[in-house]
1. Scan the range 249-260 and give yes if some residue there is at pLDDT below 90, more than 21 Å from residue 185 (Cβ to Cβ) and out of contact with any strand residue (DSSP E or B) (no Cβ under 9 Å at 6 or more places or on another chain), otherwise no.
2. Just the residues that are outside any strand (DSSP E or B) and touching a helix residue (DSSP H, G or I) at 6+ places or on another chain (Cβ under 6 Å), please, taken from the range 125-152.
3. Could you tell me which numbered condition residue 215 fails, if it satisfies all but one of (1) at pLDDT 90 or above; (2) surrounded by 20 or more Cβ atoms within 10 Å (Cβ to Cβ)?
4. Would you mention how many residues in the range 37-68 are assigned to a strand (DSSP E or B) and touching a residue at least 24 places away in the same chain (Cβ under 8 Å)?
5. Can you tell me which residues in the range 112-124 are assigned to a loop (DSSP other than H, G, I, E, B) and either buried (at least 16 other Cβ atoms within 10 Å of the Cβ) or in contact with a strand residue (DSSP E or B) (Cβ under 8 Å, 6 or more places away or on another chain) (or both)?
6. Determine whether the range 187-200 contains at least one residue that is under 21 Å from residue 52 (Cα atoms) and within 17 Å of the chain's Cα centre (by Cα).
7. Of all residues in the range 223-244, which are in contact with a helix residue (DSSP H, G or I) (Cβ under 9 Å, 6 or more places away or on another chain) and assigned to a loop (DSSP other than H, G, I, E, B)?
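The values are calculated or read from the model by the stated rules, or taken from the named source; none is laboratory data. Since the model is a prediction, treat every value here as computed from it, not as a measurement. Ideal geometry is used to build each Cβ from the backbone, glycine not excepted, and the neighbour counts take in all protein chains shown.
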């Protein structure tokens with residue numbers, strides 16, 4: 001099925017980050033400690049966290065706006081430039097003085113990641129975008145990475161939009177959402193149940209569905225695929241596509257981006273989840289935090305039918 005998302009208006013709200021990659025090689029250990037000495041070959045930065053969700057949705061052709069916070073530091077300026085170059089509306093991004101933009105630096109040696117350095121600051125204040133009215137969007141994505149943007153009860157569901165949430169611990173206002181996309185560990189935390197089988201997944205999702213009056217839960221199962229749980233005992237287990245040596249960095253961002261856009265067009269959760277499986281399989285076949293386009297997905301589907 002071919003999709004066209006150009007008319008879909010999307011707002012991504014959440015914890016904005018920037019991913020910096022230092023790519024190098026090593027042929028010896030340091031005399032100071034048993035660690036490799038890296039000779040850098042390249043250094044580049046891309047959007048991460050909620051910003052990567054926005055980049056994914058823009059790559060898929062949607063009209064995208066972004067809400068969140070960055071610092072007035074070098075990394076915040078760089079992230080804002082990346083988003084603006086992609087045509088993403090940054091009106092709702094607050095740039096806070098003396099605030100650290102969330103940064104993840106990954107160091108690679110001989111094409112293998114050997115270290116990650118995180119630099120971050122948890123948001124503890126109310127921002128101007130939290131007072132905005134977000135009624136003009138078809139889809140709203142809440143991308144929570146537990147950095148403070150979605151910690152409080154400020155978000156209220158607009159009547160016009162379908163609200164998707166990729167949850168972490170900090171989000172407490174689940175009844176403002178329609179569909180959530182937890183992985184199995186997050187599902188375990190939300191339900192309080194151990195999860196060792198497909199029956200456990202359904203039981204855990206049923207608890208959360210009823211508690212928060214959700215439409216669907218999309219349980220992400222990694223290389224086992226996706227399970228969709230809805231009301232009235234709706235259950236669908238979908239297998240993942242096999243990907244040799246996948247890089248799963250940002251895979252969850254691709255899932256929520258693709259499934260939400262497909263659902264906005266079709267209102268069919270199974271078709272949307274199948275599209276998300278194809279999109280995420282393509283994304284994890286690429287190195288690092290990657291985005292995919294509609295043309296790439298169509299070619300991938302045709303090649304792997």
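1. Checked against the condition, which is being at pLDDT below 90, more than 21 Å from residue 185 (Cβ to Cβ) and out of contact with any strand residue (DSSP E or B) (no Cβ under 9 Å at 6 or more places or on another chain), the range 249-260 yields no hits at all.
2. Across the range 125-152, the qualifying residue is only 138.
3. Condition (2) is where residue 215 drops out.
4. Residues of the range 37-68 that are assigned to a strand (DSSP E or B), as a first pass: 39-49, 63-68.
Now narrow it down to the ones that are touching a residue at least 24 places away in the same chain (Cβ under 8 Å): 44-49, 63-68.
Total meeting the criteria: 12.
5. Correct list: 120, 121, 123.
6. no
7. Scanning the range 223-244 gives 225, 231, 233, 239, 240, 241, 242, 243.
Listed here are the residues, each with its yes/no results for (1) under 27 Å from residue 264 (Cβ atoms); (2) surrounded by fewer than 19 Cβ atoms within 10 Å (Cβ to Cβ); (3) at pLDDT below 90.
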residue	(1), (2), (3)
136	yes, yes, no
139	yes, no, no
149	yes, no, no
160	yes, yes, yes
165	yes, no, no
172	yes, yes, yes
177	yes, no, no
180	yes, no, no
193	no, yes, yes
